[in-house]
Amino acid sequence: MNLKDFIRSIQDYPKKGILFRDITTLIKDKDAFAEAISQIVERSKKYDFDKIAAIESRGFVFASAVSFILKKPFIMLRKKNKLPAEVHSVDFELEYGTATIEVHKDSFEKNDNVLIIDDLIATGGTAEAAAKLIKMSDANVAAFIFVINLFDLDGCKKLEDKGFKVENLIEFPGH
């Protein structure tokens, strides 16, 4: 099954000049979604990790299913002001603005190894912010797994240059 066949591309969303890669068409197909989850589970087996973290919101869809299958705790990295307890926060740049992500301070134990899952990597700003949150929590990033890599925007390369292990299921150009 070619997962690329299940990704819809939308021009000028969320703003002019952005070519949005939409995973809703993948997750609404039961076979494609099952295949994506199976591939993430298989790729995750090469890493030693204690917990799975995902970036709001589309990363939650994939990570929660993987967490259930692997019987690993699932930690949500959320947008600003969405978590009720004490948090670590990181501000970062997006390709079309700025944002903040947060995690509860009690989400990780010291030296936990964390697998981070998200639907897509573009410039890598969100993923780098996620890694900073993990580090602020005295935990370690075991690896990143993305469903889609927008390869010409160099996000995976930026993470690899910082020493992170990175996997993706499919690739598209970002433009």
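The values are calculated or read from the model by the stated rules, or taken from the named source; none is laboratory data. Since the model is a prediction, treat every value here as computed from it, not as a measurement. Heads up, the Cβs are rebuilt from the backbone with ideal geometry, glycines too, and the neighbour counts pull from every protein chain shown.
Per-structure values
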{"item": "Identity of the residue in the range 48-71, touching a helix residue (DSSP H, G or I) at 6+ places or on another chain (Cβ under 8 Å) and not β-branched (V, I, T), that ends up surrounded by the most Cβ atoms within 10 Å (Cβ to Cβ)", "result": "A53"}
{"item": "Count of the range 130-152 residues which are crowded, with 21+ Cβ neighbours inside 10 Å and either in a loop (DSSP other than H, G, I, E, B) or of a type in the set (V, I, T) (or both)", "result": "7"}
{"item": "Given (1) farther than 14 Å from A130 by Cβ; (2) in contact with an Asp or Glu (Cβ under 8 Å, 6 or more places away or on another chain); (3) in a helix (DSSP H, G or I); (4) not charged (D, E, K, R), index of the condition N111 fails", "result": "(3)"}
{"item": "Members of the range 86-126 that are over 26 Å from K72 (Cα atoms) and either among the acidic types (D, E) or modelled with pLDDT of 95 or more (or both)", "result": "D91, E93, E95"}
{"item": "Some residue of the range 109-129 being within 16 Å of A36 (Cα to Cα), among the charged types (D, E, K, R) and either touching a Lys or Arg at 6+ places or on another chain (Cβ under 7 Å) or buried (at least 17 other Cβ atoms within 10 Å of the Cβ) (or both)", "result": "yes"}
{"item": "The lone exception for E160 - which of (1) surrounded by fewer than 22 Cβ atoms within 10 Å (Cβ to Cβ); (2) in a helix (DSSP H, G or I); (3) out of contact with any Pro (no Cβ under 6 Å at 6 or more places or on another chain); (4) touching a residue at least 12 places away in the same chain (Cβ under 8 Å) it fails", "result": "(4)"}
{"item": "Selection status of K45, surrounded by fewer than 18 Cβ atoms within 10 Å (Cβ to Cβ), among the basic types (K, R) and either more than 24 Å from P14 (Cα to Cα) or over 16 Å from the mean Cα position of the chain (by Cα) (or both)", "result": "yes"}
{"item": "Within the range 31-87, considering residues that are basic (K, R) and not in a loop (DSSP other than H, G, I, E, B), the one nearest to I7 (Cα to Cα)", "result": "R58"}
{"item": "Test: residue in the range 7-21 that is part of a helix (DSSP H, G or I), under 23 Å from E171 (Cβ atoms), touching a Leu at 6+ places or on another chain (Cβ under 8 Å) and modelled with pLDDT of 95 or more", "result": "no"}
